[in-house]
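Below is one structure, written out as C-alpha cells; comments come after it.
The values are calculated or read from the model by the stated rules, or taken from the named source; none is laboratory data. What you are looking at is a predicted structure, and each value in this text was computed from that prediction instead of being measured. Here Cβ is always computed from backbone atoms with ideal geometry, including for glycine, and neighbour counts include all displayed protein chains.
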There are 2 protein chains.
Amino acid sequence: METLSENACFGGTQGVYKHASKATGTDMTFGLFSPVEAQDGPVPVLWFLSGLTCTHENAMTKAGAQCWAAEHGIALIFPDTSPRGDHVADDDAYDLGKGAGFYLNATQDPWAANFQMWDYIIEDLPALVFDHFALDPERQGITGHSMGGHGALTIAMTLPEQFRSVSAFSPICNPTASDWGRKQLEAYLGDEEDADWLAHDASHLMRQRGFDGPMLIDTGTKDQFIDLLRPETLAHAIASRRQQAVFRMQPGYDHSYFFVSSFMEEHVGFHAEALWA
Amino acid sequence: METLSENACFGGTQGVYKHASKATGTDMTFGLFSPVEAQDGPVPVLWFLSGLTCTHENAMTKAGAQCWAAEHGIALIFPDTSPRGDHVADDDAYDLGKGAGFYLNATQDPWAANFQMWDYIIEDLPALVFDHFALDPERQGITGHSMGGHGALTIAMTLPEQFRSVSAFSPICNPTASDWGRKQLEAYLGDEEDADWLAHDASHLMRQRGFDGPMLIDTGTKDQFIDLLRPETLAHAIASRRQQAVFRMQPGYDHSYFFVSSFMEEHVGFHAEALWA
C-alpha cells in the first residue's frame, strides 16, 4: 500500500492510499479518515460509497463527513466507484464503465476483466484496511449517495452480519425498473433478469430479505433524478416488510452534495449510535 | 443578474449568480448562501475570499461553512478571485493573472484593464448583493484563505467601518517580503514599493492602523507554504500594536481545505458573535 497524501483534519488524519487490488486486477485508490481516537486502538468505521462519475475524492472533499466522524470517534472509508487505468474498458456514456461500477461483479465482456466492484468493496478493500489501520471489523456501518446508496443498501442487505447499520442519500432504489440500472445490469450481467439482476435491486432485496438493523434513507423532493431513483418502490417494500427504517423525503432538496452535506450530521450520528451500542 | 443555480442547503439556499461588473469590465460569478432566516428579513453576512487558483466554487463546496452559517442564521458570499474571460490578460504561472487577483486594483498593463478586484469586492459586488438579497449591510464580517486571508485582512483594516469582524485561515501576511507578493505587486502595481505596495500588506497595515474589532487568525504548523505566508511578521505586528486578536498556530495542520474545514465552525461562530451583538 502506498500513501498518496495525509492531511491533519478535525484532530485526526485524512489519508489517500493506493494499492494493487486482486479483485479488479488494477491499482485502486481510496480515502480514509481516522479520528484521533484511532491512536488508542480500533475505532468503528463507516463506509461511504459514491455515485456516478465520482472517484474516491468527491465525498471526501464535499460531503462534510469528517467533522461528524471526528465528533463521534469513527473512521470513514471513501472507495473509488470503478477500476481505473488505460487498459480498463470504458464507454462514452457517463453512466457506464469508469466511474459507474454499480457495486457488482461483471460477468460480460469487456467488463468482466476488471469490473469486480462487489468483491472489491466486501473482500479486497476490507482485508487491506483492517490489516493496516486501527479499525474494528465488528463495528461497521455503510452509507452512500445515488449509485453509492444503491451499493450501500444492496451490500448491507446481502451481508447483514458485516454491517450494523445502513443509510443512503438519494439512492438508486429500483435499478431493474429504471434507466439508471437496466442498461448497466444488462451490460455487466447479461440479459437474465430474474437470475442475475435482482440481487442488485434494493427494492427486491427489501422484499426478500430486509436488513437486521437500523436503516435511514433521505431523498430530496426536488431531486432532478428522482424518476430514475424510484424511491417509492423501496418505500413500499420497506413498509410492506415492516422493516425498521426511517425513510424521509426532504422538502426542497435536490440530488447534489449540498443535499448530502445538509444531512450528513444526522447520518453519521445515526451510524454512531448503532456502532457504539 | 442571472441565476446560474440554486440548491437547497441546510434549510436555506446555496445560489450561484452571474452579473456584469463595472469594476472589472467582465462578467463575474459568485456564490451566495442564504439561511432560512433571510426569508423574514435581512441577515448578517460573512464574506469568504478564496486563495490562489480558486474560483467562487472551491470554498463553496469544500469549506463546510454553510452548516455553521445556517446554525447562526448568517449569509455567506463567495466571490471569484479574478476577472475571467478570453479577452482577460493572463500568465502561465498559477500565481499571476486569472485566479490570482490579490484583491487590489492593478495600475500596470496588461492588468489594469480588468484586474480591479479591490473595487469589485468593496463596491461593485456589495452594491449588487445588498440590492438583490436580504442582507444587512450594518452587519458584515470578512474572512478568507491564503491569498483570500490576505484580502480579508487588508480590506478589513482599510475599511473598518464596513466590517465588524475579520478572520483568516493561513493568510499571506506579509506579501511585500515574500515570493507570494513581490512578483504580483510589481506586476500589478509597478515598482514603487513604499508608495503603492504597503496598502496591500497586512503586517504593514497592522502596524499603521490595526482593526477596530475582533480578529481571529489560524495557521497550521505544518503548512507547506508557511515560509511564503510569513505569519510571524503579522504576529509581531499584532502584539506590538496591542491589537485585540486571537492568533493561533494549529499543530499538525497544513494549507489545505482539510485545515480550513476543521476550524470553520469556530470562525463562523466567532463572526456570528460579533455580527449578532
Just one listed residue, out of A:ALA8, A:ALA70, A:ALA23, is in contact with a strand residue (DSSP E or B) (Cβ under 9 Å, 6 or more places away or on another chain), assigned to a helix (DSSP H, G or I) and among the small types (Gly, Ala, Ser), and it is A:ALA70
Counting only residues in the range B:236-263 that are part of a loop (DSSP other than H, G, I, E, B) and more than 14 Å from chain A (Cβ to nearest Cβ), the one surrounded by the most Cβ atoms within 10 Å (Cβ to Cβ) is identified as B:ALA245
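Residue check: is A:ALA239 farther than 30 Å from B:GLN66 by Cα and aliphatic (A, V, I, L, M)?
yes
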Condition set surrounded by fewer than 24 Cβ atoms within 10 Å (Cβ to Cβ) and at negative phi, scope the range B:64-76, selection farthest from the other protein chains (Cβ to nearest Cβ): answer is B:HIS72
Conditions (1) part of a strand (DSSP E or B); (2) touching a His at 6+ places or on another chain (Cβ under 9 Å) -> A:ASN58 fails only (1)
*What about A:PRO110, is it more than 14 Å from chain B (Cβ to nearest Cβ), surrounded by fewer than 17 Cβ atoms within 10 Å (Cβ to Cβ) and not basic (Lys, Arg)?*
yes
Taking the range A:205-235 and the residues there that are of a type in the set (S, T, N, Q) and more than 12 Å from chain B (Cβ to nearest Cβ), the one that is surrounded by the fewest Cβ atoms within 10 Å (Cβ to Cβ) would be A:GLN208
### Query
What about A:SER34, is it modelled with pLDDT of 95 or more, closer than 25 Å to B:ALA63 by Cβ, of a type in the set (Ser, Thr, Tyr) and buried (at least 17 other Cβ atoms within 10 Å of the Cβ)?
yes
Expected single match for within 18 Å of A:LEU275 (Cβ to Cβ) and surrounded by 23 or more Cβ atoms within 10 Å (Cβ to Cβ) among A:ALA152, A:ALA134, A:ALA202 is A:ALA152
In the set B:ALA93, B:ALA100, the lone residue that is of a type in the set (A, V, I, L, M) and either buried (at least 21 other Cβ atoms within 10 Å of the Cβ) or closer than 21 Å to B:PRO137 by Cα (or both) is B:ALA100
Among the residues of the range B:128-155, the number that are under 15 Å from B:LEU205 (Cβ atoms) and hydrophobic (A, V, I, L, M, F, W, C) is 4
Open item on the list: Could you go through the range A:89-102 and let me know if any residue there is outside any loop (DSSP other than H, G, I, E, B) and either of a type in the set (Ser, Thr, Tyr) or more than 27 Å from B:MET60 (Cβ to Cβ) (or both).
Closed with: yes
Only unsatisfied item for B:TRP118, checking (1) within 12 Å of the chain's Cα centre (by Cα); (2) within 24 Å of B:LYS22 (Cα to Cα); (3) touching a residue at least 60 places away in the same chain (Cβ under 8 Å), is (3)
Taking the stated definitions as given, is A:ALA177 in contact with a Ser or Thr (Cβ under 9 Å, 6 or more places away or on another chain), aliphatic (A, V, I, L, M) and surrounded by 24 or more Cβ atoms within 10 Å (Cβ to Cβ)? no
Kindly establish whether B:THR3 is more than 22 Å from B:THR143 (Cβ to Cβ), assigned to a strand (DSSP E or B) and at pLDDT 95 or above.
yes
Among A:PHE130, A:PHE115, the single one that is aromatic (Phe, Trp, Tyr) and touching a helix residue (DSSP H, G or I) at 6+ places or on another chain (Cβ under 7 Å) is A:PHE115
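What helices (runs of 4 or more DSSP H) lie completely within the range B:128-224 and have 2 or more residues being farther than 25 Å from B:PHE30 by Cβ? Write out each step before concluding.
Values: elements: B:147-158, B:182-189, B:202-208.
Result: B:182-189, B:202-208.
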In the range A:145-167, residues that are of a type in the set (Gly, Ala, Ser) and either at pLDDT below 95 or within 17 Å of A:GLN244 (Cα to Cα) (or both) total 4
Expected single match for modelled with pLDDT of 95 or more and either more than 18 Å from the chain's Cα centre (by Cα) or charged (D, E, K, R) (or both) among A:ALA112, A:ALA100, A:ALA127, A:ALA106 is A:ALA112
- Query: Taking A:PHE48, is it part of a strand (DSSP E or B), in contact with a strand residue (DSSP E or B) (Cβ under 6 Å, 6 or more places away or on another chain) and within 13 Å of another protein chain (Cβ to nearest Cβ)?
  - Reply: no
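Quick one: count up the residues across the range A:242-277 that are in contact with a helix residue (DSSP H, G or I) (Cβ under 6 Å, 6 or more places away or on another chain) and farther than 17 Å from B:GLY64 by Cα.
Qualifying residue count for the region: 4.
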In the set B:THR13, B:THR55, the lone residue that is surrounded by 18 or more Cβ atoms within 10 Å (Cβ to Cβ) and more than 10 Å from chain A (Cβ to nearest Cβ) is B:THR55
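Anything in the range A:37-52 that is surrounded by 18 or more Cβ atoms within 10 Å (Cβ to Cβ) and over 10 Å from A:ILE77 (Cα atoms)? List them, or say none.
Going through the range A:37-52, the residues surrounded by 18 or more Cβ atoms within 10 Å (Cβ to Cβ) turn out to be A:37-38, A:43-52.
Across the range A:37-52, the qualifying residues are A:GLU37, A:ALA38, A:VAL43, A:PRO44, A:SER50, A:GLY51, A:LEU52.
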Does the range A:21-31 contain at least one residue that is in contact with a Ser or Thr (Cβ under 8 Å, 6 or more places away or on another chain) and among the polar types (S, T, N, Q)?
yes
